[in-house]
Amino acid sequence: MRYDVLRGFYEVEKTIGCGGFAKVKLGTHIATGEKVAIKIMDKASLNDDLPRIKLELRALKSLSHQHICKLYQVIETDQHYFIIMEYCSGGELFDHIVEKNRLTESESRMFFRQILSAVAYLHSLGYAHRDLKPENILLDKNKNLKLIDFGLCAHPEGGIRSPLFTSCGSPTYAAPELVLGKQYLGPEVDVWAMGILLYALMAGFLPFDENNIHGLYKKILSGKYEEPSFMSLESKNLIKQMLQVDPKRRITVTELLAHPWITLALARYHDVSLEEMWKYLKRWKYDYDTATYLLLLIRKKRGSALKFNSAA
Ligand SMILES: [NH3+]CCCOc1cc(-c2cn[nH]c2)ccc1C(=O)Nc1ccccc1
């Protein structure tokens, strides 16, 4: 498939993922030679998924965090949307767990801290992800986690604490209040999903699993799951606090950040303060210059030469 609008700016290579209304291809940003991920959506097949794309673009444009997949450029034509993103060569966290069966407690903690840092940042900007699962967490070549797919994220007008209704996300990771179709709060369902994630990292299987949806819902609503003997007591206790059926009794992100199991020292990401960073990002147009600047910034941080052929 030829994409004329990309010619001279990006080379398009193999497909690295596809889901529903989008396919994702590996690409090369010609001016810098850096690899990128190009999420391609055919407008004709989007139909009622168009709001998801708008949501995702709005979210990605305002997010800048070391554990959230970076947006470089947005290209829109009559037929397509092209979302140019940071390339995560380590694939999905899901595959990483499957190949290792389960992770050690310290590796799980290392990954979980990164997820928590990204989710805490999201919530601080008034977003809830609402579809946290291993398939939406990728690894870059240094095994750093990157959150993707903000197509279901919520940014309620009344602020992150205002109730939501839309039932969305994957049933396996859905919190009881979501399953019951009750009003729910974005941050609380994200904490539940992170509890499922942490359990899956350390156990190698899911706490609530059933091949039929009703059996699955019953298990989720019971809040009862197996606690493998190889899990330490503090890990079991942390997961228990995240998988509380009553969202009011569930541990919050703020409490998680201070939790002894986490002792999260959130590293400062940019040399500039985050406030200044946001100011720049808000002004950027996510055009080719933005992509070029961001990729050069990464190259600089990596200490590589600032190779740049302006012929492009
Ligand atoms: N489960 C992930 C499949 C690959 O999907 C992606 C990969 C990257 C990626 C790969 N390397 N670097 C970034 C960036 C974004 C996506 C993505 O958003 N996929 C998607 C989400 C919803 C519907 C359809 C597709």
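What the table shows:
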| item | result |
| --- | --- |
| Neighbours by Cβ (under 8 Å, 6+ apart or cross-chain): first from region 68-94, at positive phi; second among the aliphatic types (A, V, I, L, M) and within 11 Å of the ligand (Cβ to nearest atom) | G91/L138; G91/L139 |
| Qualifying residue in region 162-171 (condition: within 21 Å of V98 (Cα to Cα) and part of a helix (DSSP H, G or I)) | yes |
| Answer residue from region 5-62, given it is among the polar types (S, T, N, Q) and modelled with pLDDT of 90 or more and is nearest to the ligand (Cβ to nearest atom) among those | T15 |
| Extreme residue, surrounded by the fewest Cβ atoms within 10 Å (Cβ to Cβ), among residues of region 206-226 that are touching a residue at least 12 places away in the same chain (Cβ under 8 Å) and not in a helix (DSSP H, G or I) | E226 |
| Scope region 199-239; condition of a type in the set (S, T, N, Q) and under 26 Å from the mean Cα position of the chain (by Cα); matching residues | N211, S235, N237 |
| Test: residue in region 172-185 that is away from the ligand (no atom under 16 Å from the Cβ), free of Cβ contacts under 8 Å to residues at least 24 places away in the same chain and polar (S, T, N, Q) | yes |
| Unique residue being of a type in the set (K, R), under 17 Å from W261 (Cα atoms) and surrounded by fewer than 23 Cβ atoms within 10 Å (Cβ to Cβ) when the list is R102, R113 | R113 |
| Residues that are in a helix (DSSP H, G or I) and without any contact (Cβ under 8 Å) to a residue 24 or more places away in the chain, drawn from region 227-236 | L233, K236 |
| Check on V74, within 12 Å of the ligand (Cβ to nearest atom) and closer than 27 Å to K133 by Cβ | no |
| Selection status of F82, of a type in the set (A, V, I, L, M, F, W, C), within 16 Å of the ligand (Cβ to nearest atom) and not in a strand (DSSP E or B) | no |
| Odd one out for Y184, checked against (1) modelled with pLDDT of 90 or more; (2) crowded, with 22+ Cβ neighbours inside 10 Å; (3) within 28 Å of Y81 (Cα to Cα); (4) not polar (S, T, N, Q) | (3) |
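One line per residue, one yes/no per condition, for (1) surrounded by 14 or more Cβ atoms within 10 Å (Cβ to Cβ); (2) within 16 Å of the ligand (Cβ to nearest atom); (3) without any contact (Cβ under 8 Å) to a residue 40 or more places away in the chain:
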| residue | (1), (2), (3) |
| --- | --- |
| L139 | yes, yes, no |
| K146 | yes, yes, no |
| I160 | yes, no, yes |
| F165 | no, no, yes |
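Okay, residues lined up against (1) in contact (Cβ under 8 Å) with a residue 24 or more places away in the chain; (2) within 16 Å of the ligand (Cβ to nearest atom); (3) among the small types (G, A, S); (4) in a loop (DSSP other than H, G, I, E, B):
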position: I97; (1), (2), (3), (4): yes, yes, no, no
position: R102; (1), (2), (3), (4): yes, no, no, yes
position: S106; (1), (2), (3), (4): no, no, yes, no
position: R109; (1), (2), (3), (4): yes, no, no, no
position: F112; (1), (2), (3), (4): yes, no, no, no
position: S117; (1), (2), (3), (4): yes, no, yes, no
position: D131; (1), (2), (3), (4): yes, yes, no, yes
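The values are calculated or read from the model by the stated rules, or taken from the named source; none is laboratory data. All values reported here derive from a predicted model rather than from experimental measurement. FYI the Cβ positions are ideal-geometry reconstructions off the backbone, even for glycines, and counts take in every protein chain you see.
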